[in-house]
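**Student:** Right, I'll just put the structure down here and ask away after.
The values are calculated or read from the model by the stated rules, or taken from the named source; none is laboratory data. The shown structure was predicted, so the numbers you read here are calculated from the model rather than taken from an experiment. In this analysis, Cβ positions are derived from the backbone assuming ideal geometry, glycine residues included, and neighbour counts consider all displayed protein chains. Each accessible area value is taken on the protein alone, full model and side chains, heavy atoms only, with ligands, DNA and RNA left out. Shrake-Rupley method; radii C 1.70, N 1.55, O 1.52, S 1.80 Å.
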Amino acid sequence: MTESPHADYLAGLLRSWSEKPTRPLSWLNELRAEAIDRVSKQAFPTKRDEEWRFTDISTLTHLPYLPSRPETSLQLQDIDHLFLPEAKNRLVFVDGHFHQQLSSLKNPDELIIGNLPDFSASHSSILESHLGQHAAFDHNIFTALNTAFLRDSALLIIPKNTTVADPVHLLFIAIQPEVTSYPRCLLIGEMGSSVTLVEEYATLAQSAYITNSVTEIALAANAHANHVRIQRESKQAFHLANCSVALDHASRYQSTSLSLGSQISRYNLDIRLAEEAAECSVDGLTLISNRQLADTHTCIDHVKPNGTSHQQHKCIVDGAAHAVFNGKIIVRPHAQRTNSSQSSRNLLLSKTAQIDTKPQLEIFADDVKCAHGATVGQLDPEEIFYLKSRGLSEVAARNLLTYAFGAEIISRISIPSLKQQLEQIVLNQTQSN
Amino acid sequence: MINPNSTPILTVRGLRASINGTEILKGIDLTVKSGEIHAIMGLNGSGKSTFAKVLAGHSAYEVTGGSIQFEDKDLLELPPEERARAGLFLAFQYPIEIPGVANTQFLRLAYNTVQAQRGKEELDPLEFDDFVREKMKLLEMKPDFLDRSVNEGFSGGEKKRNEILQMALLEPKLSILDETDSGLDIDALKIVAQGVNQITNKDNATILVTHYQRLLDYIVPDYVHVMQAGRIVITGGKELALELETRGYDWINENNSSIAGVLA
């Protein structure tokens, strides 16, 4: 990586870290010290870096946004419109800091759902083997920064053969302008466990701030996780997120992620099918307008045989917005009989909207089934004609098809109240007169 | 049924149409009166599906000559949605799929749009649900049909039944069924035909576009027209379809003038 043009910013950030919370655990201190060391050795990526060629974050690296401080003034009634009635367990983080009073925990004792520091002593050994172990920060400055500032974190440990019936809602709310927050999540699904996790980034103020989040998900043999991720930050915000998923034997990971907010957002989703017969389905929807930029980079890494991955990513881009999708699929030499499919479908709603989509297949095994396809375009005239022949006006036909384009991804979400909320968002953002 | 006192619904005169500069329809004349069922037969490429699409107003085809009168309206002046609202319905050969939109939402939207244009009352979701379930019985459709996305994952037969369900809901004056029999097994064909037969009455009319005679065993036409190279070359009664079935389309080429003489 090149010499950092933003060294001052990084130095400032790290100085601000002088009031770092002290941790009793040596391994956690070491992890953070290591991350700090990695931060000082890396520079912010520029468009000269292949992985960042479409996404210019130079504005962001000039912003003097210091790490957020805990904000306690928020009341339940300020945010209860964001709650999901189906979710009995809710963890609320305000600007990255855990907020006990706004959270609601109704889990039985054997289930660990809570804030990391409350369990770091009692569950030290399992945490040590997962925290910071899946989301590597050697070559990722944002993950390194997040790890350096690691304090609060949503923590879920689902015990062996336990099915959590109701979804768990992790709500990350941004309220302070011009700060940087470092949300963090860790989900450990033990053998044969099953859980639905909603990871949501929302805001109460349309101000500028930076969110730098890291999520780690580790599923043991036969475990299952349904991961719904919703990014609806302020339209002025910068959202940089990394999610790393490690899949053990015959585990199943389902991801549905939505990028709706932020001025600039980047979501890296890395899934490693580390053992045989692991499965993942990865669906994404980007819905942006005006001058938004939303970049999704996914990497699905088939390491062992008999793995399955299905991916569908869609972008609806209006105004002068710019969507980026880079979908890498690696099939390593031993990953025989891998079955993988990827589809990237993109809809441009204006002449100034822009999409860059890049399927990237790296296949080193010979007995594999890999299908992929990418389309960029406008609505299909045959589909419009069909609807008009049923009496719908041109505008109504276009509106319905645009809505449907996005709603297809939303329809994969199994939580009725959330699905309805999101359908409404898609409806509001796809209808013209 | 043919009724000497019935009024024309559709009057096509000298219709010519082309796509990308290639002329497909080369002068079609056809009159369809209320109560009548017409079959348009022909080989692939004869222009019969093009004729169906031109009637519905598909924008890919340019009408280069002739006229189409639909009741008291000049059909060529109307965009597709206004033709639909005026009472023209095309059942598609390949209905489109709309993942993400429940069939019931789509059906109600189409129904209410057309109702509103006709100055009739729209139905709310509950009222519509009762209404559509009644119509679905005609076509022996399962209730989960309503909750599934429009045509997504539907079998060929289910898609065609969904088309006829729309026909039943929209109550058109003129229905054009484009190759509705293609891809159907005999059971599905019977159900679809039975549905169509229940919808047809003395005030509406139907045009069946088909390649095969098979459909006409179940929906009996009053007239059979054979298209060739963009023209209707012969018109006869239902026995013409049987004749074609046994003798094949070549028989027309060989005997064109003499048959036309017999049938005239």
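**Student:** At 0.36 nm per residue, and after removing the present C-alpha to C-alpha distance, how many nm does the segment from A:ASP138 to A:SER341 gain when stretched out fully?
**Tutor:** 70.1 nm
**Student:** What FRET efficiency comes out for the pair A:HIS62/A:ASN428, r = Cβ-Cβ distance, R0 = 35 Å, nearest 0.05?
**Tutor:** E(calc), rounded to 0.05, equals 0.60.
**Student:** Any chance you could check the Cα centroid distance between the range A:392-433 and the range B:157-231 for me, in angstrom?
**Tutor:** For the range A:392-433 versus the range B:157-231, the Cα centre distance is 33 Å.
**Student:** Can I ask one more? What does the helix-only formula give at 222 nm for the protein assembly as shown: each DSSP H stretch with n ≥ 4 adding -39500 (n - 2.57), the total divided by the residues, and the result rounded to the nearest 500 deg cm²/dmol?
**Tutor:** Counting only the DSSP helices, I get -8000 deg cm²/dmol.
**Student:** Averaged over its residues, how many other protein chain Cβ atoms are within 10 Å of peptide B:79-88's Cβ atoms?
**Tutor:** Mean partner shielding for this stretch: 4.
**Student:** Which value, in Å² and to the nearest 10, is the accessible area of A:GLU30 when all protein chains are kept and the probe is 1.4 Å?
**Tutor:** Roll a 1.4 Å probe over it and A:GLU30 shows about 120 Å².
**Student:** Which of B:LYS173/B:LYS202; B:LYS53/B:LYS137; B:LYS135/B:LYS160; B:LYS120/B:LYS173; B:LYS33/B:LYS53 have a Cα-Cα distance over 18 Å?
**Tutor:** B:LYS53/B:LYS137; B:LYS33/B:LYS53, as the Cα separations exceed 18 Å there.
**Student:** Please give the per residue accessible area of the range A:176-306, computed with a probe of 1.4 Å over protein heavy atoms only, in Å².
**Tutor:** 23 Å²
**Student:** If amide H atoms are built 1.01 Å from N in the plane of the peptide, which residues on other chains or at least 5 residues away come under 5 Å of the amide H of A:ASP95?
**Tutor:** HN-HN under 5 Å from A:ASP95: A:ILE173, A:ALA174, A:ILE175.
**Student:** Could you tell me which of B:GLY87, A:SER411, A:LEU187 has its Cα farthest along the dipole of the protein assembly as shown towards the positive end, charges placed at Cβ (Lys, Arg +1; Asp, Glu -1), taken about the Cα centre?
**Tutor:** Of the options given, the answer is B:GLY87.
**Student:** Same structure again: Which peptide among A:373-381, B:191-199 comes first, and what is the full order, when sorted by highest mean count of other Cβ atoms within 10 Å?
**Tutor:** Output ranking for A:373-381, B:191-199: B:191-199, A:373-381.
**Student:** In addition: Can you give the accessible area of A:HIS310, probe radius 1.4 Å, in Å² rounded to 10?
**Tutor:** So the heavy atoms of A:HIS310 present about 80 Å² to solvent.
**Student:** Here's another thing I want to ask about it. Once the Cβ-Cβ distance between B:ALA102 and B:TRP251 is put in as r, and R0 is 35 Å, what FRET efficiency do you end up with, to the nearest 0.05?
**Tutor:** 0.15
**Student:** As I understand it, the dipole of chain A uses +1 on the Cβ of Lys and Arg and -1 on the Cβ of Asp and Glu, about the Cα centre. Which of A:ALA205, A:ASN222, A:HIS123 lies farthest toward its positive end?
**Tutor:** A:ALA205
**Student:** Near the amide H of B:VAL224, under 5 Å away, which other amide H atoms are found, from residues 5 or more places off or on another chain, if H is placed in the peptide plane?
**Tutor:** Placed amide hydrogens put B:ALA39, B:GLY236, B:GLY237 under 5 Å from B:VAL224.
**Student:** Here's something else I'd like to know. Sort the range B:8-263 into rounded, prolate or oblate with this rule: let a ≥ b ≥ c be the square roots of the eigenvalues of the Cα gyration tensor; rounded if a/c is under 1.5, and if a/c is not under 1.5, prolate when a/b is larger than b/c, oblate otherwise.
**Tutor:** Taking the square roots of the gyration eigenvalues as a ≥ b ≥ c, the range B:8-263 is prolate.
**Student:** Shifting gears a bit: Send over the Kirkwood Rh of chain A, from the inverse of the averaged 1/r over different Cα pairs, rounded to one decimal Å.
**Tutor:** About 22.2 Å for chain A.
**Student:** Can you compute the FRET efficiency between B:LYS202 and B:LYS142 using 1/(1 + (r/R0)^6), with r the Cβ-Cβ distance and R0 = 35 Å? Round to the nearest 0.05.
**Tutor:** 0.65
**Student:** Hey, another quick one. What does the structure give for A:398-411 when I average, per residue, the other chain Cβ atoms found within 10 Å of the residue Cβ?
**Tutor:** Counting Cβ atoms of other protein chains within 10 Å of each residue's Cβ and averaging gives 4.
**Student:** Ignoring ligands, DNA and RNA, what percent of the accessible area of the range A:7-275 is carbon or sulfur (1.4 Å)?
**Tutor:** The C+S portion of the solvent-accessible surface of the range A:7-275 is 49 percent.
**Student:** Let me confirm one metric for peptide B:59-66, namely the mean number of other chain beta-carbon atoms within 10 Å of its residues' beta-carbons.
**Tutor:** 1
**Student:** Quick check: pseudo-label points 7 Å beyond the Cα along Cα→Cβ at B:VAL63 and B:GLU121, how many nm apart are they?
**Tutor:** 3.6 nm
**Student:** Could I ask something else about it? Accessible area lost on pairing A with B, both sides, 1.4 Å probe, Å² to nearest 100?
**Tutor:** 2000 Å²
**Student:** Hey, any idea what % of chain B's accessible area is carbon plus sulfur with a 1.4 Å probe?
**Tutor:** That share works out to 47 percent.
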